[in-house]
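Structure first, commentary second.
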Amino acid sequence: MVTQSVRSARCRAEVIIAAARGVGAMEEEMHTDAKIRAEIGTGCSPRGPGCSLRHFACEQNLLSRPDGSASFLQGDTSVLAGVYGPAEVKVSKEIFNKATLEVILRPKIGLPGVAEKSRERLIRNTCEAVVLGTLHPRTSITVVLQVVSDAGSLLACCLNAACMALVDAGVPMRALFCGVTCALDSDGTLVLDPTSKQEKEARAVLTFALDSVERKLLMSSTKGLYSDSELQQCLAAAQAASQHVFRFYRESLQRRYSKS
Amino acid sequence: MKTSVVSVVVKVADSSVYLRYIFNTCFRTVEPLEYYRRFLKENCRPDGRELGEFRTTTVNIGSISTADGSALVKLGNTTVICGVKAEFAAPPTDAPDKGYVVPNVDLPPLCSSRFRSGPPGEEAQVASQFIADVIENSQIIQKEDLCISPGKLAWVLYCDLICLDYDGNILDACTFALLAALKNVQLPEVTINEETALAEVNLKKKSYLNIRTHPVATSFAVFDDTLLIVDPTGEEEHLATGTLTIVMDEEGKLCCLHKPGGSGLTGAKLQDCMSRAVTRHKEVKKLMDEVIKSMKPK
């Protein structure tokens, strides 16, 4: 939690840096806390704490070198994202009519392995579906994600951080997207945004990426066994929860761009 | 392409047919998406299939004699061979009564010009991770069955899937090849000699693995954000705006819903895919049972 005095001191420091760089309008650091409860009536059994999403926080423009950066916190899970682009692309990788999107995911400890490659592919394809690549042909847009702490729902947090970083970089997109995780335990109860303990004990963990325009399913990655009806139930719950996430995006961006 | 050349030779007298053939091949190269759209409007595809039809699937079990289990699966032109080797290993310390199943998908330069030799590319790594997830989620083998002596010795099954010809829909072919190969694996009986504490392998007494579920993958490609086609070929995958793979077992439970980005899908479209996946599972199961039955009297 950033206290008022520290925040104002940081603001002053940033003003000095911005003036030194000769930048006109300073990008204000924004820190929004939003405790969001997803009340889902029919989809999930009335287990109060089980149906709510964890405490969210998002911070934008915290890194100086990338064109856009964001840090997304969901409970104790935290992911830092940086976006470079549209920038120069290697001739071997260039696509004549679109931007080449690249995603790099670094785990908290160890070297990236096959699981990270698989996640990078999921995030990259999700971003490719929303980013208007045709406006920047023969360029590259690189999204770099660093896992700062993992306490459950990591892939969803990565997706949210990537989306916020793309917005911060000003990359043109046709919609925003968000990630939502559902866990199903052995007696079929649905838990949204599970912690690592809940994920371990769950029978199935489903992660969805939904777009902001029509709440369509952009990406899905699942673990465990579940039935078709349970899938529809989780998808409906995720769509309801995504509304809260998108409202949080809108509020945080409004707060950032209105100089109040 | 080869058959068309033969037909050109036969019909060389009819110059309008020849010109039409030239036009079609040029159009297909220059505007592949438009070419495909014309077929999709008529609810069919250039190779004559319906939108919900799979290519001819053939499976050949037990072709590799040096492997403990093997299978070759052809899905149209896509060919994947799976070989399973069983070796001894110490069980993991956090699960001393479990063995390992280690899958690896290899996409060599042989199968397609887009793959180069060297470390596995992204496509191969994603496919390997997908197969590992399918094994883990579907519980196809109970890992406890692979344990010989808790804490000391367990089986590790190395499943190597090699693609020999890449023409789209690699995930379905790999899943089917893995399932067929695992059904073909015969493990010898192992006893631990109490005096020497060494493992004694009895190669004469072999038993099949206990395959608990039969996961079957069904892949779809999304065209123009709305149309779903089953079993895309390489060209269709390249033109598609998204892909979706559903892995289902015999009770209708889903092991994996793999949708790596791409155009959005509504819940209703997903339902259609589910019903197609159920019918595909029945088709594959029938094929598997036929092959297994033909192998039995040995």
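The values are calculated or read from the model by the stated rules, or taken from the named source; none is laboratory data. Fair warning: this is a prediction, and the values are worked out from it, not measured in the lab. Cβ atoms come from the backbone with ideal geometry, glycine included; neighbour counts cover every protein chain shown.
Only one of these is surrounded by 19 or more Cβ atoms within 10 Å (Cβ to Cβ) and within 18 Å of A:SER252 (Cα to Cα): A:ASN125, A:ASN160. Name it. Explain how you work it out, then say what you get.
Details: A:ASN125 fails: within 18 Å of A:SER252 (Cα to Cα).
None of the others qualify; the one that does is A:ASN160.
May I ask you to list pairs of residues, at least six apart or on different chains, whose Cβ atoms are under 8 Å apart, with the first in the range B:122-141 being within 14 Å of B:PHE176 (Cβ to Cβ) and facing chain A (nearest Cβ under 9 Å) and the second being buried (at least 21 other Cβ atoms within 10 Å of the Cβ) and of a type in the set (S, T, N, Q)?
So the pair list comes out as B:PHE130/A:SER118; B:PHE130/B:THR245.
In the range B:142-166, which residue that is in a strand (DSSP E or B) and among the acidic types (Asp, Glu) is farthest from the other protein chains (Cβ to nearest Cβ)? Even if it seems obvious, please write down each step before you answer.
In the first step, residues of the range B:142-166 are kept if they are in a strand (DSSP E or B); the result is B:147-149, B:153-165.
Remaining after also requiring among the acidic types (Asp, Glu): B:160, B:165.
Numbers: B:ASP160: 15, B:ASP165: 23 Å.
This residue is B:ASP165.
B:THR79 - would you say it is more than 19 Å from the chain's Cα centre (by Cα), surrounded by fewer than 21 Cβ atoms within 10 Å (Cβ to Cβ) and of a type in the set (Val, Ile, Thr)? Spell out how you get there, then give the answer.
On the way: more than 19 Å from the chain's Cα centre (by Cα): no; surrounded by fewer than 21 Cβ atoms within 10 Å (Cβ to Cβ): yes; of a type in the set (Val, Ile, Thr): yes.
No; evaluated as a whole, the condition is false for this residue.
Looking only at the range B:59-99, count how many residues are on the phi < 0 side of the Ramachandran plot and part of a loop (DSSP other than H, G, I, E, B).
Within the range B:59-99, the first condition is being on the phi < 0 side of the Ramachandran plot, and the residues that meet it are B:59-61, B:63-75, B:77-99.
So of that shortlist, the ones also part of a loop (DSSP other than H, G, I, E, B) come out as B:63-68, B:77, B:90-99.
Of the residues in that region, 17 qualify.
Is it fair to say A:LEU122 is farther than 20 Å from A:PHE208 by Cα and either within 14 Å of chain B (Cβ to nearest Cβ) or in contact (Cβ under 8 Å) with a residue 60 or more places away in the chain (or both)?
no
Which pairs turn up if I take residues in the range A:248-260 that are assigned to a helix (DSSP H, G or I) and look for partners that are of a type in the set (S, T, N, Q) and modelled with pLDDT of 85 or more with beta carbon separation below 8 Å, at least 6 apart in sequence or on another chain?
Matching pairs, first to second residue: A:TYR249/A:SER212; A:SER252/A:GLN60; A:ARG256/A:GLN60.
Being surrounded by 13 or more Cβ atoms within 10 Å (Cβ to Cβ) and either closer than 25 Å to B:THR243 by Cα or not basic (Lys, Arg) (or both) is true for just one of B:LYS259, B:LYS282. Which residue is that? Outline the logic, then answer.
Working: B:LYS282 fails: surrounded by 13 or more Cβ atoms within 10 Å (Cβ to Cβ).
Among B:LYS259, B:LYS282, only B:LYS259 is surrounded by 13 or more Cβ atoms within 10 Å (Cβ to Cβ) and either closer than 25 Å to B:THR243 by Cα or not basic (Lys, Arg) (or both).
Take the residues in the range A:66-119 that are within 11 Å of chain B (Cβ to nearest Cβ) and within 19 Å of A:ALA151 (Cα to Cα), then tell me which one is surrounded by the fewest Cβ atoms within 10 Å (Cβ to Cβ).
Out of the qualifying residues, it is A:PRO112.
Restricting attention to the range A:125-134, which residues are within 22 Å of A:LEU159 (Cβ to Cβ), out of contact with any Asp or Glu (no Cβ under 7 Å at 6 or more places or on another chain) and either more than 7 Å from chain B (Cβ to nearest Cβ) or not acidic (Asp, Glu) (or both)?
Let us first name the residues in the range A:125-134 that are within 22 Å of A:LEU159 (Cβ to Cβ), namely A:125-133.
Now drop any that are not out of contact with any Asp or Glu (no Cβ under 7 Å at 6 or more places or on another chain), which leaves A:125-129, A:131-133.
A:ASN125, A:THR126, A:CYS127, A:ALA129, A:VAL131, A:LEU132, A:GLY133, listed by residue number.
Within the range A:194-239, which residues are more than 8 Å from chain B (Cβ to nearest Cβ) and over 26 Å from B:MET248 (Cβ atoms)?
Across the range A:194-239, the qualifying residues are A:THR195, A:SER196, A:LYS197, A:SER212, A:VAL213.
Assuming B:PRO108 fulfils every condition listed in (1) within 14 Å of chain A (Cβ to nearest Cβ); (2) over 30 Å from B:LEU203 (Cβ atoms); (3) touching a residue at least 12 places away in the same chain (Cβ under 8 Å); (4) not hydroxyl-bearing (Ser, Thr, Tyr) apart from one, which condition is it?
B:PRO108 satisfies all of (1) within 14 Å of chain A (Cβ to nearest Cβ); (2) over 30 Å from B:LEU203 (Cβ atoms); (3) touching a residue at least 12 places away in the same chain (Cβ under 8 Å); (4) not hydroxyl-bearing (Ser, Thr, Tyr) except (1).
How many residues are within 30 Å of B:GLU200 (Cα to Cα) and β-branched (Val, Ile, Thr) when one looks only at the range B:163-187? Full working, then the answer.
Quick first cut of the range B:163-187, residues within 30 Å of B:GLU200 (Cα to Cα) only: B:178-187.
From the residues that got through so far, the ones that are β-branched (Val, Ile, Thr) too are B:185.
Residues flagged as within 30 Å of B:GLU200 (Cα to Cα) and β-branched (Val, Ile, Thr) within the range B:163-187 amount to 1.
Among the residues of the range B:227-273, which ones are in a loop (DSSP other than H, G, I, E, B), facing another protein chain (nearest Cβ under 10 Å) and farther than 15 Å from B:ILE170 by Cα? Don't jump to the end; show me each part of the working.
Residues of the range B:227-273 that are in a loop (DSSP other than H, G, I, E, B), as a first pass: B:231-233, B:240-241, B:249-253, B:260-264, B:266.
Narrowing the set further to residues that are facing another protein chain (nearest Cβ under 10 Å) leaves B:241, B:249, B:251-253, B:260-264, B:266.
B:THR241, B:ASP249, B:GLU251, B:GLY252, B:LYS253, B:GLY261, B:GLY262, B:SER263, B:GLY264, B:THR266 - these are the residues of the range B:227-273 that are in a loop (DSSP other than H, G, I, E, B), facing another protein chain (nearest Cβ under 10 Å) and farther than 15 Å from B:ILE170 by Cα.
A quick yes/no check of all residues on (1) farther than 26 Å from B:ALA240 by Cα; (2) out of contact with any Lys or Arg (no Cβ under 8 Å at 6 or more places or on another chain); (3) surrounded by 12 or more Cβ atoms within 10 Å (Cβ to Cβ); (4) of a type in the set (S, T, N, Q):
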{"position": "B:TYR36", "(1), (2), (3), (4)": "no, no, yes, no"}
{"position": "B:THR58", "(1), (2), (3), (4)": "no, no, yes, yes"}
{"position": "B:GLY69", "(1), (2), (3), (4)": "yes, no, yes, no"}
{"position": "B:VAL73", "(1), (2), (3), (4)": "no, yes, yes, no"}
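From the list B:GLU235, B:GLU250, which residue is touching a residue at least 12 places away in the same chain (Cβ under 8 Å), within 24 Å of B:PRO103 (Cα to Cα), surrounded by fewer than 21 Cβ atoms within 10 Å (Cβ to Cβ) and among the charged types (D, E, K, R)?
Numbers: B:GLU235 fails: within 24 Å of B:PRO103 (Cα to Cα).
Result: B:GLU250 is the single residue among B:GLU235, B:GLU250 that is touching a residue at least 12 places away in the same chain (Cβ under 8 Å), within 24 Å of B:PRO103 (Cα to Cα), surrounded by fewer than 21 Cβ atoms within 10 Å (Cβ to Cβ) and among the charged types (D, E, K, R).
Inspect all residues belonging to the range B:219-228 and state whether any of them is modelled with pLDDT of 90 or more, crowded, with 18+ Cβ neighbours inside 10 Å, aromatic (Phe, Trp, Tyr) and in contact with a strand residue (DSSP E or B) (Cβ under 8 Å, 6 or more places away or on another chain).
Yes, that holds for at least one residue.
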